[in-house]
Protein chains: 4
Amino acid sequence: MKPVNHIKIKKSITVNELASQMDLAGVLGAGRLGKALNICETMIKDKNCNVFLGLAGPLVPGGMREIIIDMIENKWVDVVVTTGATLTHDLGEALGYRHYQGSADADDAELHKKGFDRVYESYMPNKIYEGMEEFIADNFDKLKDKKSIKEFLWELGMLTPKRSICKACFENKIPIFCPAISDSGIGLMIWGQLARGKDIETRTFDDLKEIIDIAWTSKKAGVIYFGGGVPKNYIQQAMQLTPKSASYGVQITMDRPEPGGSSGAELKEGISWGKMNPKARFVDLICDATIAMPIIFAALKERIK
Amino acid sequence: MKPVNHIKIKKSITVNELASQMDLAGVLGAGRLGKALNICETMIKDKNCNVFLGLAGPLVPGGMREIIIDMIENKWVDVVVTTGATLTHDLGEALGYRHYQGSADADDAELHKKGFDRVYESYMPNKIYEGMEEFIADNFDKLKDKKSIKEFLWELGMLTPKRSICKACFENKIPIFCPAISDSGIGLMIWGQLARGKDIETRTFDDLKEIIDIAWTSKKAGVIYFGGGVPKNYIQQAMQLTPKSASYGVQITMDRPEPGGSSGAELKEGISWGKMNPKARFVDLICDATIAMPIIFAALKERIK
Amino acid sequence: MKPVNHIKIKKSITVNELASQMDLAGVLGAGRLGKALNICETMIKDKNCNVFLGLAGPLVPGGMREIIIDMIENKWVDVVVTTGATLTHDLGEALGYRHYQGSADADDAELHKKGFDRVYESYMPNKIYEGMEEFIADNFDKLKDKKSIKEFLWELGMLTPKRSICKACFENKIPIFCPAISDSGIGLMIWGQLARGKDIETRTFDDLKEIIDIAWTSKKAGVIYFGGGVPKNYIQQAMQLTPKSASYGVQITMDRPEPGGSSGAELKEGISWGKMNPKARFVDLICDATIAMPIIFAALKERIK
Amino acid sequence: MKPVNHIKIKKSITVNELASQMDLAGVLGAGRLGKALNICETMIKDKNCNVFLGLAGPLVPGGMREIIIDMIENKWVDVVVTTGATLTHDLGEALGYRHYQGSADADDAELHKKGFDRVYESYMPNKIYEGMEEFIADNFDKLKDKKSIKEFLWELGMLTPKRSICKACFENKIPIFCPAISDSGIGLMIWGQLARGKDIETRTFDDLKEIIDIAWTSKKAGVIYFGGGVPKNYIQQAMQLTPKSASYGVQITMDRPEPGGSSGAELKEGISWGKMNPKARFVDLICDATIAMPIIFAALKERIK
């Protein structure tokens, strides 16, 4: 049995040095964060492993946009699955809008009058929708004949004027999936075109072929989840069809297992489904993604290459 | 200011009598449950109000299937939005399978060998997939030309041999939406057909026209959420396009606001977005859905008609 | 394996009938609530079993006062351990004050000016302290030579003018412990007397002899925890010294195991300590106490005697 | 309004540099952690401010022991309030025992046979009690006439052979309080002496005079809470008697406000009680203490002196 090593802080300690000590402490949040980092490092360095990244929750309003784009541009991940909200927030920023620091105790009626949409303690300016509507309207002809949501998102990434998650995926040929894209601001903008009598051919089930093909042909697979929701579940579903199930897993969320839903389900539950290999290295960490993601990314940056 | 009235239990107290006392206590979980019940009662009785029901989480493995079907057959709700998992669990039961009582501490590798998929402490027999595959294969020709997911689900309900959520929606002409249907066992069964070279035309964005039309033309709207996820967010998005925003709201979930995601966001946040009317009656309750739903339904059954 | 039985609600269903169906559903919150009820019933009916009740959290401001007093007067429990806050709230009500229904979004500075202390969404009138100060001052001579906290609390119960938790314990000779009594409004009132130069002999460690004696001589022991904190931990500690460890356990709290503290620790953890018998019947339920307690009490009232 | 600045990681980034960027991001967990750090820095540097530190939860088994001792030895805090469990774990380590890295899925009956007590995923060797019993027995005569718990703990610190929390408090003349000391392993060891017919005079209410005196005479007061429980509540209670209430506040816990208890109550609630100054700078952070504490301490070490 390994003893708990108490963390000892020296001056000007780097994030990687601290995270390495957390691994030596080895228990509770610190220990799990240290372990999550090690597993991420291993799966990214494993040349035989396809890394599936699931992103849910307000990561863009939460200041994680540059880190996510860096992870994609570093080609640390092979597949991205995310929510329509994340892509909407990201497109908004790519079109030049910002999110703002606010308060969870704000007067929401007042915010409504001022044109700010609250996301817990961040605010999104409502005029983001004007820019997005114009952007979607201008480019609708290029989007409307995309058969799969992935093709739609790569096209969106190609069209996006500035650095963005979709653009990084398109440019690095990283497949990006978003099964519930209609449930988002981008969905609403598409509806605006449909309401004007236009048509769009994007199909609901087409992406399944592609994500399952990737899973099916992966020598090994690893999963990294920030948040749960559809992104996690969609990757988990693909893991059922990976020959060896997932060999590595990291889940970081504030959701809990007790309500029984997929978002908070512990990764070990996936073993019963054949989603996770019984011999896989995996860890669940209950932590705000905006705290854990920068720590892990900073340490990985020092450890990889 | 109203005093907290201490709950006093008489013998053989009915659920409705207890829930009414919880409302008089007026605070914490009990008070919120009492208030949630009252708001549900008011919105269902309000002839001018369209009630949108969002269902997420393991409600079918959790024993809530009969209550949900009853709510639909009673026409207490006008729109249902749910997850692919719920429809998969429901279809499985309609095909004659059951879910089983299990343990969260089970040996998942052992369960895997025995063919049981764990959902926290319930088990789903893996052979459910065989029945579903056969059912989908037999009926694929009737499903494959459905343009919207709602049409697909009504068709599925019509085809389902026994009482089910989809069937109740179909028979009572209650629109049912499931934006992320591809992220589910049903999605996997459709993929099985695509992998055999078949094709299906169901489109991603088509349902938006219908749900937004219903929202747009509602004199009043009310929302009831058990769990968060896509079902809640999709309804919330439609509320932005209801003339008066939602007038009533009940949210029951174990998700919390602090991570900042849509699932746990307090309903008042919706006021900033124009999803919730500033004068709306609404309440958030942090409670396991399998505890709150039967209490509310039992009391409503006594109070309505 | 037992199938999940879907709950089916008939009109005018009683709480006991519903809770019995929850047990048949058998999973998630509903199943655990059903199981908690059954275990409470068994341990209360077991003539050889001493039942230790731990109470933490705002149960009195939350409307649970009558139920708690009834449980004590029914002699369903043999030992009560609680917090100073609960005894303070209870004494306040026994002196004629009330708690009030409020809002978690209140303006706290405004409440402060108006003389109301907020406990999440209940308010306690500040003048409660005036009544308590007078009561403690008037009775200080009778309290000051009590050697143990239990003797102090029984004396307090004897002196209390109206029905109260302490009074019910005193009158029914149920030992009541409160290790952190100094951390409470009652503690502050005692400090007020000390500041006037008075002295009080109540000792810190003396109660340990009594609670451990009860544990030590119990043929069997059962524990029921609403909330965690010192009450739970103090009982758990005594269970280490019960010959057979606890034979029954029910824990109902919103605290979670992941932070690693005693409050949210799962009961099974107690097996490693010798606090819980490996063959004990026990269950953990994550639920607001103000929802679970009335349901369990209502069903017990029908089932016992 | 300040925009959310996306965190951008450079290679070999230090913890302080990252935490400073979290403050610039400004929202969600990251923003709150950045703000918590800034408030800690300000209150520690404020020469007129007495800093009250509340410690609850498994901080010693969680690897935080060296950091806590360093904080005390740096004289960054003026008062420490903690739980009996923390002092027990700390004394165990000072006597040469260690805690061990374990698993939350362990077989607790097996652990019991092997003599390990589980604290979520850390293990405490049971033989720690033998060492403690011997230590307490040997020193009982020096402990038995201590009138207040603080005097008892300082004496314990003086007697402790190695570096420890109590010893650091004793040597630096930092008052340390533990109202529920009887609810702990140390309490059990004292009980062992009482069971042998010995006596100890430590009184329940005596410390109130000292902590309230410190509060009463503080020009300014600041509170830092890792975890809730009695330590937080006891300090909060003292804040009611500080002339200006607390001017600074940092709360880091996984407990939530919704159950209504003191542990998870938001700091702003304290304004209604006169515990927190309406103009105070304060922040609540929902985060595992073993993650937040090292980050804050590492950054403070760079920022202070």
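The values are calculated or read from the model by the stated rules, or taken from the named source; none is laboratory data. The structure presented is a predicted model; accordingly, all values stated were derived computationally and were not measured. Every residue, glycine as well, gets a Cβ built from its backbone with ideal geometry; the counts of neighbours run over all protein chains shown.
Within the range C:17-34, identify whether any single residue is closer than 30 Å to residue B:100 by Cβ, touching a Cys at 6+ places or on another chain (Cβ under 9 Å), crowded, with 21+ Cβ neighbours inside 10 Å and facing chain B (nearest Cβ under 8 Å), and answer yes or no. Among the residues of the range C:17-34, at least one is closer than 30 Å to residue B:100 by Cβ, touching a Cys at 6+ places or on another chain (Cβ under 9 Å), crowded, with 21+ Cβ neighbours inside 10 Å and facing chain B (nearest Cβ under 8 Å), which makes the answer yes.
Which one is farthest from residue B:235 (Cα to Cα) among residues in the range B:269-305 that are in contact with a strand residue (DSSP E or B) (Cβ under 7 Å, 6 or more places away or on another chain) and basic (Lys, Arg)? For the range B:269-305, the residue satisfying everything is B:281.
Cβ-Cβ distances below 7 Å connect the following pairs, each with a first residue in the range C:200-219 that is within 12 Å of residue C:147 (Cβ to Cβ), a second residue that is assigned to a helix (DSSP H, G or I) and among the charged types (D, E, K, R), and a separation of six or more residues or different chains: C:207/C:150; C:210/C:150.
Right, residue C:93: within 21 Å of the chain's Cα centre (by Cα), closer than 17 Å to residue C:59 by Cβ and either of a type in the set (S, T, N, Q) or more than 14 Å from chain D (Cβ to nearest Cβ) (or both) or not? Criteria met by residue C:93.
Taken over the range A:202-228, the criterion of being closer than 15 Å to residue A:246 by Cα and polar (S, T, N, Q) is satisfied by A:217, A:218. Annotation note: Cβ proximity below 6 Å between a residue of the range C:105-121 that is under 21 Å from residue B:267 (Cα atoms) and a residue that is of a type in the set (Gly, Ala, Ser) (sequence gap 6+ or interchain) occurs for C:120/C:104; C:120/D:260; C:121/C:102; C:121/C:103; C:121/C:104.
For the residues D:118, D:98, the requirement of being surrounded by 15 or more Cβ atoms within 10 Å (Cβ to Cβ) and part of a strand (DSSP E or B) singles out D:118.
Checked against (1) more than 9 Å from every other protein chain (Cβ to nearest Cβ); (2) surrounded by fewer than 24 Cβ atoms within 10 Å (Cβ to Cβ); (3) not aromatic (Phe, Trp, Tyr), residue D:240 meets all criteria but (1). As a summary of the residue check, residue A:202 satisfies the conditions (1) within 30 Å of residue D:21 (Cα to Cα); (2) surrounded by 20 or more Cβ atoms within 10 Å (Cβ to Cβ); (3) among the β-branched types (Val, Ile, Thr) except for the one numbered (1). Name the single residue that is farthest from the other protein chains (Cβ to nearest Cβ) among those in the range B:243-289 being within 20 Å of the chain's Cα centre (by Cα) and of a type in the set (Ser, Thr, Tyr). Result: B:248. One residue alone among A:107, A:78, A:90 is crowded, with 23+ Cβ neighbours inside 10 Å and acidic (Asp, Glu), and that residue is A:90. Residues of the range D:144-168 that are surrounded by fewer than 18 Cβ atoms within 10 Å (Cβ to Cβ), over 17 Å from the mean Cα position of the chain (by Cα) and closer than 25 Å to residue D:67 by Cβ: D:158, D:161, D:162.
On the given criteria, is residue B:200 assigned to a loop (DSSP other than H, G, I, E, B), touching a strand residue (DSSP E or B) at 6+ places or on another chain (Cβ under 8 Å), within 10 Å of another protein chain (Cβ to nearest Cβ) and at pLDDT 95 or above? The answer is yes for residue B:200.
Filtered by the rule that a residue be within 28 Å of residue B:102 (Cβ to Cβ) and surrounded by fewer than 21 Cβ atoms within 10 Å (Cβ to Cβ), the range B:39-66 gives a lone residue, B:66.
With respect to (1) under 29 Å from residue C:2 (Cα atoms); (2) more than 7 Å from chain C (Cβ to nearest Cβ); (3) of a type outside the set (Val, Ile, Thr); (4) touching a helix residue (DSSP H, G or I) at 6+ places or on another chain (Cβ under 9 Å), the lone exception for residue B:115 is condition (4).
Is it the case that some residue within the range D:49-67 is farther than 14 Å from residue D:251 by Cα, modelled with pLDDT of 95 or more and away from chain A (no Cβ under 14 Å)? Scanning the range D:49-67 turns up at least one residue that is farther than 14 Å from residue D:251 by Cα, modelled with pLDDT of 95 or more and away from chain A (no Cβ under 14 Å). Only residues that are within 10 Å of chain B (Cβ to nearest Cβ), farther than 21 Å from residue B:229 by Cα and of a type in the set (A, V, I, L, M, F, W, C) were counted across the range A:203-233, and they come to 3. If you go through the range A:293-305 and keep only what is buried (at least 24 other Cβ atoms within 10 Å of the Cβ) and facing another protein chain (nearest Cβ under 8 Å), you end up with A:294, A:295, A:297, A:298. If only residues of the range D:68-90 that are within 13 Å of chain A (Cβ to nearest Cβ) and under 12 Å from the mean Cα position of the chain (by Cα) are counted, the one that is farthest from residue A:19 (Cα to Cα) is D:90. For the range B:210-218, the criterion of being in contact with an Asp or Glu (Cβ under 8 Å, 6 or more places away or on another chain) and surrounded by fewer than 20 Cβ atoms within 10 Å (Cβ to Cβ) is satisfied by at least one residue. The set of residues in the range C:121-142 that are in a loop (DSSP other than H, G, I, E, B) and more than 11 Å from every other protein chain (Cβ to nearest Cβ) contains only C:127.
Among the candidates A:275, A:244, A:268, A:279, which residue alone is closer than 26 Å to residue A:87 by Cβ and basic (Lys, Arg)? Only one candidate passes the filter, namely A:275.
Applying a threshold of 7 Å to beta carbon distances and a minimum spacing of six or more residues, or different chains, the list of pairs starting in the range D:261-282 at a residue that is free of Cβ contacts under 8 Å to residues at least 60 places away in the same chain and closer than 15 Å to residue C:116 by Cβ and ending at one that is of a type in the set (S, T, N, Q) and in a helix (DSSP H, G or I) reads D:270/D:236; D:275/D:236.
Selection of helices (runs of 4 or more DSSP H) fully inside the range B:1-77 by the criterion of at least 3 residues being within 18 Å of residue B:283 (Cα to Cα) returns B:15-25, B:28-45.
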